[in-house]
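Undergrad: Starting off with a structure, shown below.
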Amino acid sequence: MDERRRVLYRERTGWSWWLNLLLFGAVGGALLGPVLVGGAAPEPMAWAFTLGLGGLIYLLLGGLTVVLEPDRLRVGLGSGRPFGTTIALDDIEELESVEYRPLRDFGGWGFRGTRDRRIWSARGNRAVRLTLRDDRVVYIGSDQPRTLENRIRGAMGPLRTAGT
């Protein structure tokens, strides 16, 4: 295995319970709605399509995945592959664990913000704030921001820590 792609830390932050309930309630409503209003049960293909669509939405967008490797940090919605970003550890100037106001500061959760100030978040109000060398600021939502911060600092090496 390529040493540079070794995973040092992985964190998966799921959606809030109410968002899971909303998604799976919509899927259930689409399947059971016609039955409850006196119609016929949906065809098996309709069941498969609706369940598959709900699963695909959750796979692609459900939660937040953060993967720390020796030279980079990968952050993304869902599985993190199609909807994600990569930040080189060499680009990090400063980092710290913070609390923020999701609705007031960014208009909610998910991938939000501008080129200069972005957030990747699935739930909650805690994050690790990264200030990059080009003055961009990136918030990475986390259930354990201090652990994530410490792991990033450790990967950056003892001679190079943020802010120095």
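Readers should treat all values here as calculations from the given coordinates under stated rules, not as data from a laboratory. These numbers come from a predicted model, not from an experiment. Ideal geometry is used to build each Cβ from the backbone, glycine not excepted, and the neighbour counts take in all protein chains shown.
Undergrad: Out of every Cα-Cα pair in region 85-164, what percent are more than 19 Å apart?
TA: The share of Cα pairs beyond 19 Å in region 85-164 comes to 32 percent.
Undergrad: Once you put a point 7 Å from the Cα of LEU8 and another 7 Å from the Cα of VAL98, both along the Cβ direction, what distance in nm separates them?
TA: 2.2 nm
Undergrad: What full-extension length gain, to one decimal in nm, is calculated for ASN150 and LEU56 as 0.36 nm per residue of separation minus the Cα-Cα distance?
TA: 30.5 nm
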